[in-house]
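In what follows, a structure is listed as structure tokens, so that the remarks can point back to it.
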Amino acid sequence: MEKEINIFKDIEEIAEHAVEIWTGHAEKSIKKSGRFTVALSGGSTPIALYEKLSKVPTLPWDRTGIFIVDERFVPYESNESNFGMIRRVLLKHLSIPDKNIHPIPTLNLSPQDAAIEYEHEVREHLMLSNDDIPIFDLILLGLGDDGHTASLFPGTPALKEASRLSLFVEPPDKTKKTRISITLTLINNARNLIFIAAGKNKAPVIKEIIEDKSSTLPAAMVRPRKGKLLFLLDKDAASLINIK
Ligand code: 6PG
């Protein structure tokens, strides 16, 4: 597995660098297949990147397909909606065709059906043949202090799922909303996976997932089968790691 760790002063620097990486992947993917397909995370860390991307109208947005890594089962207007945030910060500032935007459905269906529907949506747009696992050009991942990524939480059955691409998940913390998440099967099939993490509170978990090969944390189970794994960290999140 190809793995790289880049460390920056702060989240602004990470975001600047990530725009360059995004631009490079977009060019390469479009040259190869005519399109660039990405899955975006929610949470607060990627907001700086989305703000910067929203100011680059010259990127090939008409050929960029946007999917969502995970979603809280709430309307898009809710402050807790990942798609709501991504639409507000990024998409509404760009002229990107509606057909290129693929939010996880959260209205008029059950979370179980939403997960199934999203799986169909991903298959339809990325499919090669019926049994193949779709390949995203790029997936952006965040990281929780407890080692969760997407909405894959430590010790939950979702981590063992081998065939589904998207699942309905009840977070172990009962105060958290029901979620829909793409699975490790789909994540680990991507061409490029990027973790973005900033802040001291992420340092212990960053150390574990980078240095402890036996870690069972969800983020440590992100191991691309053929693709490349890149960590974009600020100096606080990287402060405990020895391999730099
Ligand atoms: C979410 C994502 C989650 C997120 C991490 C980090 O919707 O919140 O499921 O995986 O990326 O919890 O969140 P922060 O970037 O806010 O620290």
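The values are calculated or read from the model by the stated rules, or taken from the named source; none is laboratory data. Here the structure is a predicted model, which means the values were calculated and not measured. A quick note on method: Cβ atoms are made from the backbone with ideal geometry, for glycine too, and the neighbour counts reach across all protein chains shown. Just so you know, the surface numbers come from the protein's heavy atoms only, side chains and all, with ligands and any DNA or RNA stripped out. Shrake-Rupley method; radii C 1.70, N 1.55, O 1.52, S 1.80 Å.
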**OP:** Give region 42-79 a look and list any residue that's under 16 Å from D98 (Cα atoms) and in contact with a Gly (Cβ under 9 Å, 6 or more places away or on another chain), or say none.
**Re:** R63, I68, Y76
Original post:
F67 is checked against (1) in contact (Cβ under 8 Å) with a residue 60 or more places away in the chain; (2) over 16 Å from the mean Cα position of the chain (by Cα) and fails just one. What number does that condition carry?
Top reply: (2)
Subject >> region 149-204, subset within 14 Å of the ligand (Cβ to nearest atom), surrounded by 15 or more Cβ atoms within 10 Å (Cβ to Cβ) and assigned to a helix (DSSP H, G or I), residue farthest from the chain's Cα centre (by Cα) >> reply: A203
Original post:
Restricting attention to region 26-36, which residues are among the small types (G, A, S) and surrounded by fewer than 17 Cβ atoms within 10 Å (Cβ to Cβ)?
Top reply: S33, G34
**OP:** Considering each of V89, V56 in turn, give the residue that is of a type in the set (A, V, I, L, M), over 24 Å from I187 (Cβ atoms) and modelled with pLDDT of 95 or more.
**Re:** V56
Original post:
If you go through region 76-93, how many residues are over 15 Å from W22 (Cβ atoms) and within 15 Å of the ligand (Cβ to nearest atom)?
Top reply: 11
Original post:
Which residue pairs have Cβ atoms under 9 Å apart, sit 6 or more places apart or on different chains, and have a first residue in region 74-89 that is touching a residue at least 24 places away in the same chain (Cβ under 8 Å) and a second that is part of a helix (DSSP H, G or I) and among the hydroxyl-bearing types (S, T, Y)?
Top reply: M85/Y50; I86/Y50; V89/Y50
Original post:
Out of curiosity, is A39 modelled with pLDDT of 95 or more, within 13 Å of H102 (Cβ to Cβ) and open to solvent by less than 50 Å² (accessible area, probe 1.4 Å)?
Top reply: yes
**OP:** Could you list all residues from region 6-22 that are in contact (Cβ under 8 Å) with a residue 24 or more places away in the chain and either open to solvent by 40 Å² or more (accessible area, probe 1.4 Å) or on the phi > 0 side of the Ramachandran plot (or both)?
**Re:** I7, K9, D10, I11, E12, E13, E16, H17
**OP:** For I96, indicate whether it is within 30 Å of L109 (Cβ to Cβ), of a type in the set (A, V, I, L, M, F, W, C) and in a loop (DSSP other than H, G, I, E, B).
**Re:** yes
Original post:
In region 205-244, which residues are touching a Gly at 6+ places or on another chain (Cβ under 7 Å), among the hydrophobic types (A, V, I, L, M, F, W, C) and part of a loop (DSSP other than H, G, I, E, B)?
Top reply: L217, A237
Subject >> Residue list for region 109-154, restricted to those being under 18 Å from R72 (Cα atoms) and of a type in the set (F, W, Y) >> reply: Y118, F153
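I'd like to know if region 139-146 contains one or more residues that are part of a loop (DSSP other than H, G, I, E, B), aliphatic (A, V, I, L, M) and crowded, with 21+ Cβ neighbours inside 10 Å.
Yes, that holds for at least one residue.
Of everything in region 50-70 that's in contact with a strand residue (DSSP E or B) (Cβ under 7 Å, 6 or more places away or on another chain) and closer than 12 Å to L90 by Cβ, which residue is nearest to the ligand (Cβ to nearest atom)? So that I can check it myself, show each step before the final result.
Taking region 50-70 and keeping what is in contact with a strand residue (DSSP E or B) (Cβ under 7 Å, 6 or more places away or on another chain), we get 60, 63-70.
Okay, now just the ones that are also closer than 12 Å to L90 by Cβ, so 64, 66, 68.
On the way: T64: 21, I66: 15, I68: 9 Å.
Applying the filter and picking the extreme gives I68.
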